[in-house]
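Note sheet for the following structure.
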Amino acid sequence: MSLAADVRVGRGPLTVELGIEVADGEVLAVLGPNGAGKSTLLRVLAGLLPPDDGRVTVGQETWDDVDAGVHVPAHGRRLGMVFQDHLLFPHLSVTDNVAFGLRTRGVRKPAARRAARDWLARVGIAELADRRPGRLSGGQAQRAALARALVGDPALLLLDEPLSALDARTRLTVRAELRRHLAEYAGSTVLVTHDPVDAMALADRVVVVEEGRVVQAGTPADVSRHPRTDYVARLVGLALLPGTGEGTTVRLDGGGRVAVAEESAGEVFVAVRPESVALYPARPEGSPRNVWSLRLVSATPHGSTVRCELDGEVPLLADVTGAAYAELGLAPGTPVWASVKASEIAVYAR
Amino acid sequence: MRRRRREPGVPVPLLVPAVLAVAFLLLPLAGLVVRAPWGELGPQLTSPAVGQALRLSLVSATAATGLSLVLGVPLAWVLARSTARGRSVLRALVTVPLVLPPVVGGVALFLVLGRQGILGSWLDGTFGVTIPFTTTAVVIAETFVAMPFLVISVEGALRAADARFEDAAATLGADRWTTFRRVTLPLVAPGIAAGAVLCWARALGEFGATITFAGNFPGTTQTMPLAVYLALQQDPEAAIVLSLVLLVVSVATLLLLRDRWLSRAVR
């Protein structure tokens, strides 16, 4: 069922030319800024937009082959798609929305509804089955949209910014659930997002797309550790630390503790943005809860700031101004104190 | 949130013409109500001639609306969704009956569907069917004049509807026909209903094309507007009564439109 796509499609001044391969059970995140051609790629994969050139195959099936004149329209492809703003049909109940794909493929109404209710239970909104989508919260609607996409056991799952319409808190829970469902899903998944956190948390592999081209590909850790373009660096410029939540502290897998504002439990990620890290030559006064004695590993100019890679109890990235960098008298190997406000640290389930 | 007007009140140069406009629009209707022979209303209304004309009007306007729905909704879809070239030309042509004097429409219909007409002579020769001066002619004349109202209204609703719902339906295995039936149609139902009411009201009041193409025969082609016109020359009181009936029907239609659909369909 694995997906192989190598397509070219013109969209106004931009030519999108992308090749991707996704194995069965694998989640590929396509990460990039708005207008990079991510959604265009997804529309091509979905069959909503015929490519100008190239091929799309899923397992043994050819969905697009421009040279051979093959184009299977969207409704002939066995796929599921989740849209940014869910696009649940407002005139149908949640159950009938989820059952829609089964009905169009010839499943009888009672059986389709039964399957829909099973899926609603799996995504945890069984009690909302008879509601209209207009009366769902954003998170509930996105769960229903996921059920609608997965109920037909698709060969390919396409997720178009599935979390970006949600508020921060809902996003955390829905992201953790989505991660669980993706782990259980046997087909190939392509996730389009402009949020590196989504990509890091959900994907097995990431391709970064800029102006219609792949600029970097690799595992999430790879891409975030070794950004190859300025965009990627800024995009993933955050320290992502795995750990175990214990109330408002997280015990890091690599040793050390981080105080956070939100309570968490179990396996979590802690994400620290470099700009929220403050550096001091001596232990800072007052009692910030996150203070670590670290050592500077390397420093690289990064826009108008200097990005400092720090090691010690907690590996961190810190952005400081050139003036501050000079004032601190920093050089590789220099000891330095770092502090981060608990409220500026994101924590989310792994 | 709607922004508030900076100053309360209306400037006099705008207020005076606005009041005149209201008077201009409402006084004739008020006159109709005042002059109505309220005492004889009962007998007038129950006279067979009125009943006949009213029934014919309602039946033919409803039939014209039905025909407009069957033909006009698909046409609106083509105008709103098709990417074929010449669409704007098609739209312009389709809306010609909106601005065309109805009498001209009646003449045109007569030239095509009349006994000597291009289609009419063939229909007559092959099937022995004659259309002019029949109730069918009334329905055709009304449809010709009223269908553009429906097409424009439904096309607007289709354009306003989020086409991405149709994408979503396609990814769920629905072909375009299934998508149209199960997603598009329910989404634009309020627009279709509003268009149908407009179309029906226009068909009910249709005069020029009807009298030209269908004539003025009581029982078969004499609709309410034709009856009013005829009555005015012979029995003005009857004309007033008939007009009152049409006024009531129109106002009822307007209320129905506003309360049920207009607020949602026309945003």
Worksheet item: Taking A:D85 and the conditions (1) in contact with a Phe, Trp or Tyr (Cβ under 8 Å, 6 or more places away or on another chain); (2) surrounded by fewer than 17 Cβ atoms within 10 Å (Cβ to Cβ); (3) touching a residue at least 40 places away in the same chain (Cβ under 8 Å), which numbered condition does it fall short on, given that it satisfies the others?
Response: (1)
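Any chance you could count how many residues in the stretch A:25-48 are part of a loop (DSSP other than H, G, I, E, B) and over 17 Å from A:G218 (Cα atoms)?
If we filter the stretch A:25-48 for residues that are part of a loop (DSSP other than H, G, I, E, B), which is where we start, we get A:25-26, A:32-37, A:47-48.
Remaining after also requiring over 17 Å from A:G218 (Cα atoms): A:33-37, A:47-48.
The qualifying residues number 7.
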Fill in: Qualifying residues in the stretch B:218-238 (those that are touching an Asp or Glu at 6+ places or on another chain (Cβ under 8 Å) and at pLDDT 90 or above) - the one surrounded by the most Cβ atoms within 10 Å (Cβ to Cβ)
B:T223
Practice prompt. Search the stretch A:74-97 for residues being assigned to a helix (DSSP H, G or I) and more than 10 Å from chain B (Cβ to nearest Cβ), and hand back the single one that is nearest to A:P162 (Cα to Cα).
Written response: A:V94
Practice prompt. Give the stretch A:19-52 a look and list any residue that's more than 13 Å from chain B (Cβ to nearest Cβ), under 20 Å from A:G80 (Cα atoms) and touching a helix residue (DSSP H, G or I) at 6+ places or on another chain (Cβ under 7 Å), or say none.
Written response: A:V27, A:A29, A:V30, A:L31, A:P51
Discussion item. Taking the criterion of being under 21 Å from A:G138 (Cβ atoms), at pLDDT below 85 and of a type in the set (A, V, I, L, M), would at least one residue in the stretch A:180-198 satisfy it?
Written reply: yes
Fill in: Those residues of the stretch A:277-331 which are β-branched (V, I, T), part of a loop (DSSP other than H, G, I, E, B) and at pLDDT 85 or above, in sequence order
A:V277
Item to complete: Kindly provide the set of residues from the stretch B:65-102 that are of a type in the set (A, V, I, L, M, F, W, C) and exposed (fewer than 15 other Cβ atoms within 10 Å of the Cβ), ordered by number.
Response: B:V70, B:L71, B:A84, B:V89, B:A92, B:L93, B:V96, B:L98, B:V99
Worksheet item: buried (at least 23 other Cβ atoms within 10 Å of the Cβ), among the polar types (S, T, N, Q) and within 14 Å of another protein chain (Cβ to nearest Cβ) - does that describe any residue in the stretch B:200-217?
Response: no
Discussion item. Being over 18 Å from B:F207 (Cα atoms), crowded, with 21+ Cβ neighbours inside 10 Å and either among the charged types (D, E, K, R) or modelled with pLDDT under 85 (or both) is the filter here; which residues of the stretch B:104-155 pass it?
Written reply: B:E155
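Quick check: anything in the stretch B:92-113 among the small types (G, A, S), within 27 Å of B:V183 (Cα to Cα) and in a helix (DSSP H, G or I)? Spell out how you get there, then give the answer.
Here is the first cut: in the stretch B:92-113, the ones among the small types (G, A, S) are B:92, B:105-106, B:108.
Next, only the ones that are within 27 Å of B:V183 (Cα to Cα) stay: none.
Scanning the stretch B:92-113 turns up no residue that is among the small types (G, A, S), within 27 Å of B:V183 (Cα to Cα) and in a helix (DSSP H, G or I).
In the stretch B:159-178, how many residues are small (G, A, S), assigned to a helix (DSSP H, G or I) and more than 7 Å from every other protein chain (Cβ to nearest Cβ)?
Initially, the stretch B:159-178 is screened for residues small (G, A, S), giving B:160-161, B:163, B:168-170, B:173-174.
With assigned to a helix (DSSP H, G or I) added as a condition, the list becomes B:160, B:168-170.
Applying the additional criterion that residues be more than 7 Å from every other protein chain (Cβ to nearest Cβ) yields B:160, B:169.
The total comes to 2.
The values are calculated or read from the model by the stated rules, or taken from the named source; none is laboratory data. Keep in mind the model is a prediction, meaning the values are calculated, not measured. In this analysis, Cβ positions are derived from the backbone assuming ideal geometry, glycine residues included, and neighbour counts consider all displayed protein chains.
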